[in-house]
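Okay, so here's the structure we're looking at.
Laboratory data are not the source of any read-out in this text; all were calculated from the coordinates shown. Every value quoted in this text rests on a predicted model; they were computed, and no experiment measured them. In this analysis, Cβ positions are derived from the backbone assuming ideal geometry, glycine residues included, and neighbour counts consider all displayed protein chains.
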Amino acid sequence: MGVIHIDLFTTLDGVAQAPGGPGEDTDNGFAFGGWQAPLIDEVVGQQVIAGMDGMDALLLGRRTYDIFAAYWPHEQGGIADLFNRLPKYVASRQQRDLNWAHSTVLGPDIAASVRELRDRHANIHVIGSLDFVQTLLAEQLFDRLTLWVHPILLGGGKKVFGSGTVPTSLRLLESAETSPAGVVRQRYAPVPGVPGVGDMSDM
């Protein structure tokens, strides 16, 4: 069975809205689009590229797909070559024309469609696509969660763990790594079952 990876950039207070640029997502008047740019460094870049090893499909929300489709087909080398040749699956509530090569709209039952992708691919990556990530969290349809936590606070904006979050235990897969700019990469896998509880007064 294939592995679904969720890869997200987030602030210390959990905001993952529009890290890449001012026009990426202005919903609810969000004014900090592009907050990641001052903190990107070579180490984070190397981590991102290394994390794509073995990737054989992209799974994207509509907004992220549109951003990628407007940019990557016009680029060459490295990530562009990888993204342009991979099959790309788009979660959208309506049928739409997809001009980026090898792109397909998922069926109306998003959860069922995502489960089917596990039978076709080994490593499916969800990059950005924050609104769509809420569906994956709610359905517990992910196997790896990689967060790059940036040392800033924004106080508002769409959160990584928003409306789709359900009680879930996670296991840290490796020691967190910190870049020179203070960006901390954390990699997790979900643990079956619901989080346990206890009473600290008994300790």
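Using a/c under 1.5 as the rounded threshold, could you call segment 32-81 rounded, prolate or oblate? The axes a ≥ b ≥ c are square roots of the C-alpha gyration tensor eigenvalues, and prolate needs a/b larger than b/c, oblate otherwise. Before the final figure, lay out the partial values.
Working: a/c = 1.59, a/b = 1.09, b/c = 1.46.
It is oblate, given that a/c is not under 1.5 and a/b is not larger than b/c.
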Scalar couplings 3J(HN,Hα) for segment 109-120 by Karplus 6.51 cos²θ - 1.76 cosθ + 1.60 (θ = phi - 60°), nearest whole Hz, x for Gly and Pro, are 8, 4, 4, 5, 5, 5, 4, 5, 4, 4, 7, 9
Rg and Dmax of segment 100-203 over Cα atoms: what are they, in angstrom? 16.6, 59
Based on the mean of other beta carbon atoms within 10 Å per residue, what is the order of 100-111, 9-20, most packed first? 9-20, 100-111
What does the helix-only formula give at 222 nm for the chain: each DSSP H stretch with n ≥ 4 adding -39500 (n - 2.57), the total divided by the residues, and the result rounded to the nearest 500 deg cm²/dmol? -7000 deg cm²/dmol
